[in-house]
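The block underneath contains the structure these notes are about, expressed in structure tokens.
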Amino acid sequence: MLNWYLLYTKPKHEDAVSILLAGAGFKVLNPKLRERRYVRRKLMDVVAPLFPCYLFVRFDDPLDNPSDYRLIRYTRGVKKVVGVEGIPTAAPDAMIREIEERMSGGLITISQHAFNEGDAVHIKGGHLEGLSAVFERPLKGTERVSILLKTLNARVVVDMALLEKD
């Protein structure tokens with residue numbers, strides 16, 4: 001049965017492994033993200049992997065078809081197939097669908113934050129539910145943000161989905 005599996009690659013080998021495995025007939029998902037970074041002291045738009053050193057590959061269960069697993073496992077640039085005690089763990093199809101739905105033109109689109117610096121926000125979930133805070137800033141390349149808790153006088157990093165404007 002075909003499942004999606006997560007591969008751990010050598011640093012900066014995601015594209016090379018994707019090309020090799022796609023050429024061997026496997027379906028590969030290597031999501032990318034456009035972000036602004038400093039390159040040689042200049043701020044530039046770059047396309048970077050959404051999950052550095054990781055990519056998804058669809059292949060038969062290793063117990064049913066060990067030759068596919070062996071081919072993938074020993075592809076140049078692959079460190080390992082992620083799993084428990086040497087047995088690959090299948091990635092949920094729902095997670096793969098969500099990643100594919102968020103892709104446009106080969107790039108992942110991350111929703112921009114709806115908060116501005118200094119906005120009063122309310123935490124609507126998690127361990128800090130019910131507390132009031134001040135939005136500080138979004139964190140680079142993630143959907144997490146930094147907020148300042150009013151009651152504790154502390155800076156905390158939380159998922160943006162847990163916030164709503166006051």
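Can you find a residue in the stretch 78-94 that is surrounded by fewer than 16 Cβ atoms within 10 Å (Cβ to Cβ), among the basic types (Lys, Arg) and either touching a strand residue (DSSP E or B) at 6+ places or on another chain (Cβ under 9 Å) or farther than 29 Å from SER18 by Cβ (or both)? Within the stretch 78-94, one or more residues are surrounded by fewer than 16 Cβ atoms within 10 Å (Cβ to Cβ), among the basic types (Lys, Arg) and either touching a strand residue (DSSP E or B) at 6+ places or on another chain (Cβ under 9 Å) or farther than 29 Å from SER18 by Cβ (or both). Entry remark, the stretch 31-44: residues being assigned to a strand (DSSP E or B), basic (Lys, Arg) and exposed (fewer than 10 other Cβ atoms within 10 Å of the Cβ) number 1 in total. Taken over the stretch 1-30, the criterion of being without any contact (Cβ under 8 Å) to a residue 40 or more places away in the chain, in a strand (DSSP E or B) and surrounded by fewer than 17 Cβ atoms within 10 Å (Cβ to Cβ) is satisfied by LYS27 alone.
For ILE123, the conditions (1) among the hydrophobic types (A, V, I, L, M, F, W, C); (2) out of contact with any Gly (no Cβ under 8 Å at 6 or more places or on another chain); (3) surrounded by 14 or more Cβ atoms within 10 Å (Cβ to Cβ) all hold with the exception of (2). Tell me, which residue of the stretch 130-147 that is in contact with a helix residue (DSSP H, G or I) (Cβ under 8 Å, 6 or more places away or on another chain) and surrounded by fewer than 16 Cβ atoms within 10 Å (Cβ to Cβ) is modelled with the lowest pLDDT? Once the filter is applied, the top-ranked residue is GLU143.
The values are calculated or read from the model by the stated rules, or taken from the named source; none is laboratory data. Keep in mind it's a predicted model, so treat the numbers as computed, not measured. So basically every Cβ, Gly included, is an ideal-geometry build from the backbone, and we count neighbours across all protein chains shown.
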